[in-house]
Amino acid sequence: MENALTIGMVLSGLFFGWTIGSHYTGATMGMAYGSGVIKKPITACLLIAFSVILGATFESHNVVQTVGTGIIRGEDMTPLGAMVMMFTAAMVTAANTWFKWPVSTSQLACFSVVGSALAMGAPVFWKTTIVFLFVTWIGTPIVSALLGFLLTRLTDRVMKNCSARGTKCLQWALLAGCCYAAYTLGANNTGNAVGVFYGLKLLTPMKAGFVGGIVMAIGALTWGKPILKKVGKGIVQLDLNMGVGAKLGQSITAHTAAFLGYPTSMNQALIGGVAGASAARGLKTLNRKALAEIVFSWFFTPMLAGIVSFCLYKLLHFILKVQ
């Protein structure tokens, strides 16, 4: 039974990684696609896939360790608990992708871990990891907005009275910023899916990151177009200067969180960066209806993931009679 549960956990983690890759195409490459710098969705998805694998392999280890052993103790992680955590987060993420609602997979993953931990009776590190995670989640859009504001102002000043050649360079800068965002996605969010592999001592952090990067890349390539089009064409309308400022604000914020070992939301960082870039111009460039849908999903889906994870663990524990 334990071997079957371990296989189920691995498959659930890989499924979650696949949904993360498909879900964040808009948050990483949406601006380049929406502004016309990238013409074809498949080109955007290929760039995401390559960048995600690099970030996941070389810089995801801190987040892998946080998700794997930072929320609950590694010795309290069981195959059934890990399977429920990852399966719940994957299904809720897939549902949001189906409805084209950007959501925080970091919050989903962490709340899924907490839900199962409470069902197992395992101690949760509330005063350490959870507190810092909440601070990170609250601070992400704020810091990203400040950076988006400052970087947009800086870009406006640098590009004032620029030539056509300068505009072309700015397009390449936006594309580079989007690739950096995809790299940061690999560094920041891979651990959400494969952290339990490390928690159960199946893989080292680097190997877990590489595996997570591969499945996230596959997710971007196979089911990444809907969210890419939703974010690129339906949520934000930015010029090149604002796009560069917002994208760098998002990426720097999320990359810093990954370096510190705390997974955060690429979508929330994006909205913060866009808000800051808009404020730098005194403009309102966010689609309010789309933004309202996103904010609702940010609050509703993590709670849903925690409740579902708790109930599903209790149900399977009752049926299978295993921890």
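The values are calculated or read from the model by the stated rules, or taken from the named source; none is laboratory data. Bear in mind the structure is a predicted one, so any value in this text is a computation, not a measurement. Positions of Cβ are backbone-derived with ideal geometry, glycine not excepted, and every protein chain shown enters the neighbour counts. Please note that ligands, DNA and RNA were not included when accessible areas were found on the heavy atoms of the full protein model with its side chains. Shrake-Rupley method; radii C 1.70, N 1.55, O 1.52, S 1.80 Å.
At a glance:
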{"quantity": "Members of the range 59-118 that are in contact (Cβ under 8 Å) with a residue 60 or more places away in the chain and charged (D, E, K, R)", "calculated": "GLU59, LYS100"}
{"quantity": "The listed residue being more than 14 Å from the chain's Cα centre (by Cα) and surrounded by fewer than 16 Cβ atoms within 10 Å (Cβ to Cβ), out of VAL196, VAL135, VAL143", "calculated": "VAL135"}
{"quantity": "Selection count, the range 94-116, where residues are farther than 23 Å from PHE132 by Cβ and of a type in the set (Ser, Thr, Tyr)", "calculated": "1"}
{"quantity": "The range 118-174, residues that are out of contact with any helix residue (DSSP H, G or I) (no Cβ under 7 Å at 6 or more places or on another chain) and among the small types (Gly, Ala, Ser)", "calculated": "GLY121, GLY139, SER163, ALA164, GLY166"}
{"quantity": "Residue ranges of helices (runs of 4 or more DSSP H) in the range 204-317 with at least 3 members out of contact with any Asp or Glu (no Cβ under 6 Å at 6 or more places or on another chain), modelled with pLDDT of 90 or more and acidic (Asp, Glu)", "calculated": "none"}
{"quantity": "Residue check for VAL135: in contact with a Ser or Thr (Cβ under 6 Å, 6 or more places away or on another chain), modelled with pLDDT under 95 and closer than 30 Å to MET77 by Cβ", "calculated": "no"}
{"quantity": "Single residue of LYS100, LYS201 found to be in contact with a Pro (Cβ under 7 Å, 6 or more places away or on another chain), open to solvent by 10 Å² or more (accessible area, probe 1.4 Å) and on the phi > 0 side of the Ramachandran plot", "calculated": "LYS100"}
{"quantity": "Residue within the range 79-87 that is open to solvent by less than 70 Å² (accessible area, probe 1.4 Å), in contact with a strand residue (DSSP E or B) (Cβ under 9 Å, 6 or more places away or on another chain) and modelled with pLDDT of 90 or more present", "calculated": "yes"}
{"quantity": "Subset of the range 312-323 (residues that are hydrophobic (A, V, I, L, M, F, W, C) and either farther than 18 Å from VAL114 by Cβ or within 25 Å of the chain's Cα centre (by Cα) (or both))", "calculated": "LEU312, PHE318, ILE319, LEU320, VAL322"}
{"quantity": "Single match in ALA182, ALA173 (criterion: crowded, with 24+ Cβ neighbours inside 10 Å, in contact (Cβ under 8 Å) with a residue 40 or more places away in the chain and hydrophobic (A, V, I, L, M, F, W, C))", "calculated": "ALA182"}
{"quantity": "Contacts under 8 angstrom Cβ, first residue in the range 198-212 being among the β-branched types (Val, Ile, Thr), partner open to solvent by less than 60 Å² (accessible area, probe 1.4 Å) and outside any loop (DSSP other than H, G, I, E, B), 6 or more apart", "calculated": "VAL211/LEU14; VAL211/GLY17; VAL211/VAL194; VAL211/PHE197"}
{"quantity": "Filter result (open to solvent by 10 Å² or more (accessible area, probe 1.4 Å) and modelled with pLDDT of 90 or more) within the range 15-37", "calculated": "PHE15, TRP18, MET31, TYR33, VAL37"}
